[in-house]
Amino acid sequence: MSWVTIASSMIASVCGTLAAMHLLVWFRQKDEWAKLLFALGAVAVAVLAGIELAMMRAETAAQYGVLLRWGHLPSAVLVICIVWFVRLFLQAGRTWLGWVATGTRMLTLILNFLFTPNISFLEITDLGHVHWWGGETVSVPVGLTNPWSIIGLLSHLSVVIFCVDAAISVWRRGDRRQSLMVGGSAVLFFSVAMLQTVLIVWGGIHIPFFFSFSFLGMILAMGYELTSDVVLTAQLSRRLKTSEAELRESEERLLLAAEAASAGFWGIDPKTGRIWTTPKFMEMLGYAPESSLDLESFLNAVHPEDRDRLRKTIEQGFRSQVETRAEFRSVLPSGQIRWFSARGRSRPTSNGVSGSLMGVTVDVTDRKLAEEALWGERALTDAIFDSAPGMLYLYTAQGRLLRWNRQHETMTGYSAEELAHTELKDLFEGEALATVTAAWQKAFAGQRVTIEVNVKAKGGAMIPCLLTGVGLEFDDEPHLVGIGFDLTEYRQTEREVLRQRQELAHLSRVTMLGELSGSIAHELNQPLTAILSNAQAAQRFLARDNVDLEELAAILADIVEEDKRAGEIIRGLRQMLKKSDTQRQALDLNDMVQEVLTLVRSDLLNQGVSAHTELMPALPAVRGNRVQLQQVLLNLVLNACDAMSGNAASDRHFFIQTEAKGGGAVTLSVRDRGEGIPSDKLEQIFEPFFTTKREGLGMGLAVCQSIISAHGGKLWAANGPERGAIFSFKLPITS
Amino acid sequence: MNKPVNSGVPTIFVVDDDPAVLKSLGRLLRSAGLHVETCNSPQDFLARHNPAMPGCLVLDVAMPGLNGLEVQQALAAIGDERPIVFLTGHGDIPTSVEAMKRGAVDFLTKPVNAEVLLKAIHSAIVKDSVRRLERDEVEEFKQRLATLTPREREVLPYVISGRLNKQIAGELGTAEKTIKVHRARVMEKMKVQSVAELVRLAERLGIRPA
């Protein structure tokens, strides 16, 4: 069998198969007109292949002419089908161009049947026999060209133009493959067909018509696209099925969630006022789940105080497309009042008119009640805040004041509005700010802090305050809450207490000096005696004839020296008698021991008491008030003397010892050889008005203890290992 | 009779524990032309003083170790009757009474005026020299008494009782003539011119008439 026959029948069968396949598809989906058009086109190509084979095997010119004339019929069908297939399948190509192509092709077909033998030739005079590849001999027409066949060419040209236009717009749309496969193949194969026509009909070139070959390519290309489209559709439909299932599932889930959240869905038609609801919504409103509802009856059930407001909100919701929210109370048929919170949004319809307002409503009665309770709670905490005896504050980690009480406003003088914008640096300055910042950091870290700082009130006044701070965490942020007390009054009281203590110390000192007056007078008499004697000696020397000037100079120097000595004693006395000297200085306790012993020297002599000292050399200095510490030591010394008044004259000794035994403190102790202190009285002796002496006031040791405490030290009593008492005090060494 | 037995210059001992006071007092007394010895403690004084040295003691009452009264007692204990002028910072009456009872010349309060102090010292010196003179006289009388024979010593109380030789001879059972010789030997040995003088002398020696 010849290859031409085989090729033609293969073309016919391929096209037939494609046609059948797509026709079958079209039968199932009648709205897929593109598939029908493609099927028809494929059938046309199959028919054309058959006619072309017959033409190539034609015996006579007349036979050839008739075949060519009928060959135009499938050609026209093919062109028209392809044009509209392209239009429908690609959704591209100008419709009017499509009609031009269709029109010219129809005209060509009509003309074809008007002329004899056909539109291509006025007359086929002879049949040529051409030897083709593979030793094939085929018939080719020889005759006069019909000038009207130009119409056929125009028809082809308009198809090409239409397809080019369609391909371009598809290309631009981004579907490049589709543009090339469908549009491109149409252009290519139509152009080939056009060229063939021109060559055979106009050019007199002796080749057979084999349009079907070209069109097969086009059909295959388009068939491929169409098939892949079918595959795609199948995939899509599968996916669609899946997503439909998912949608159903998610819808169910949504409903379940809504049920769980006690949410009811609804929609209101603005025109009819009808309300569509989920059963849950009806249940919430206290109606039977299936009953129907309209806007008016719904609004009638709304609490009168909320009704007008809600109506306005709904009307606004119809007009605007932003989300609308409302909270309202509804009176249930049972008479119960419930709180609801609703939000909805109206969807625009395609023509721009507002569609129904749709939304969701939840019952918030519990939340509302909780809120009310919370407000009550807030009122309670406010009252607690305001009842606090100081200023309460709540700070953020950034140092912003978050909450405070009225006392905070009163104390600082700032209004609530001003405090709302207050930061730490507005209330504290310099060192105080540093102290507070450091303390707050500690509080945020979980420590409880207490500090004393000055708070800067409005206008710059400084208020001494005691501030506490405790860290707490809420809203996942560290916060600090605390209370501040105004220490102004406390400080005044403290000053008053200090003043009274000094007064008492002074009184005690004066009393003690009174007891020592004889001794002091004696001490003062010594230099006075020396001065007087020196002066009178000088007078006598002067009365002599030969005055010894050197002797006189020595006498005068001694007078000056002794006068100074007397002055020192008087100065010391005046200090001791002064009321409130609070000055502190670095002191050597060893020096102080000597000073006190000088003061009591004469007294000790009179009482026959001997003082012994065991002073540590190079004793570290302590910081204190000289007079007050002298008073303490004097008191201890006089007590020691008193304790030994019953001893034999040879057995009256006391020992003053100073030492610095580690620990940054200096200890001074006075040890006597008296009877000691009953062990149950060792603490009691420091209490005011406790005394063992007949004339004692019982203030001495109490005053001593308050002095030592004020110096940051400690005063205590103990009994000696053998006999007597030991009074000791310990003072911190100055750094 | 007023012939000084001890021709030494009186020494004034001054005892005070306060160096400045001691120095000034010494200076004052020297300015009055007195011979002064200053001691800064009672112990120093007791170590340095010599009972044979004429003069007096200016003593501070309040001193560590021994106080003024104790020094006075210590001196009395060894029979040293050196006159004492006490000086005190604050004159308390019990102490001054005690001191005066024990023979203190004066009890002066510091600061002391030069006039008052020097007056007291002078009277102390006079007292000391009188005491020393008297003590020297008795010593002389004792030596004279020691030259008497036992018989003469036996006769003496009778002589100073104013008895006649005859009466004495009768009481002692001997001859009037013998008594007359004894009386003359006693008068001669005791270096007296009259019986009245012998009576005064015997009285100083503590011999009572028979």
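Here are the numbers for the structure shown:
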read-out	value
For the range A:230-363, size of Cβ-based charge dipole, Lys and Arg +1, Asp and Glu -1, in debye	440 debye
Nearest-ten-degree value, helix A:589-607 long axis tilted from longest Cα axis of chain A	30 degrees
With every protein chain in place, the range B:147-205: carbon and sulfur % of accessible area (1.4 Å)	52 percent
Gain in span if fully extended, A:Glu283 to A:Arg309, counting 0.36 nm per residue against the direct Cα distance	7.0 nm
FRET efficiency, 1/(1 + (r/R0)^6) with R0 30 Å, evaluated for B:Arg48 and A:Ser650 via beta carbons	0.75
Hypothetical label at A:Gln235: residues of the range A:167-211 whose amide nitrogen lies under 13 Å (7 Å Cα-Cβ projection)	none
In degrees, nearest ten, helix A:430-444 long axis to first principal axis of chain A (Cα)	60 degrees
Average accessible surface area per residue within the range B:11-136, 1.4 Å rolling probe, Å²	40 Å²
Inter-site label distance for A:Thr116 and A:Glu675 at 7 Å from Cα along Cβ, in nm	17.5 nm
The range B:11-136 shape via C-alpha gyration tensor axes, a/c threshold 1.5	rounded
Neighbourhood charge, 14 Å Cβ-Cβ cut-off, centred on A:Gln91 and excluding it, Lys, Arg +1 and Asp, Glu -1	-1
Cut-off 15 Å between beta-carbons: net charge of the residues surrounding A:Leu68, Lys and Arg +1, Asp and Glu -1	-2
10 Å beta-carbon shell around A:Gly399, net charge (K/R +1, D/E -1)	0
Surface per residue (accessible, 1.4 Å probe) for the range A:595-706, Å²	46 Å²
Relative contact order (percent, whole number), the range B:147-205, Cα cutoff 8 Å, 6+ residue spacing	36 percent
Entries of A:Lys271/A:Lys368; A:Lys661/A:Lys714; A:Lys564/A:Lys714 with Cα pairs more than 26 Å apart	A:Lys271/A:Lys368; A:Lys564/A:Lys714
Degrees, to the nearest 10: B:19-31 long Cα axis against longest axis of chain B	50 degrees
Amide H within-cut-off set for A:Gly355, under 5 Å, with H built and near neighbours excluded	A:Arg347, A:Thr349
Lys/Arg +1, Asp/Glu -1 at C-beta; chain B dipole; positive extreme among B:Pro54, B:Ser129, B:Leu164	B:Leu164
Furthest towards positive pole of dipole, A:Pro620, A:Phe727, A:Ser517, structure part the protein assembly as shown, Cβ charges	A:Ser517
Percent carbon-and-sulfur accessible area, chain A, ignoring ligands, DNA and RNA, probe 1.4 Å	58 percent
Inter-chain Cβ neighbour average for residues B:25-34, partner chain, 10 Å	6
Number of partner chain Cβ atoms within 10 Å, mean per residue of A:538-545	3
Nearest-10 value in Å² for the accessible area of A:Ile384, using the 1.4 Å probe	90 Å²
Cα centroid of the range A:490-521 to Cα centroid of the range B:93-167, whole Å	58 Å
Total accessible surface hidden between A and B, rounded to 100 Å², 1.4 Å probe	2100 Å²
FRET efficiency, A:Ser387 to A:Glu251 (Cβ-Cβ, R0 51 Å, nearest 0.05)	0.35
Extension gain from A:Glu417 to A:Leu507, taking 0.36 nm per residue of separation minus the Cα-Cα distance	27.0 nm
Theoretical gain in end-to-end length, A:Glu568 to A:Asp31 [0.36 nm per residue, Cα-Cα removed]	180.2 nm
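The values are calculated or read from the model by the stated rules, or taken from the named source; none is laboratory data. Since this is a predicted model, take the numbers as computed values, not measurements. Note: ideal-geometry Cβ built from the backbone for every residue, glycine included; neighbour counts use all protein chains shown. The accessibility values were calculated without ligands, DNA or RNA, using every heavy atom of the protein model including side chains. Shrake-Rupley method; radii C 1.70, N 1.55, O 1.52, S 1.80 Å.
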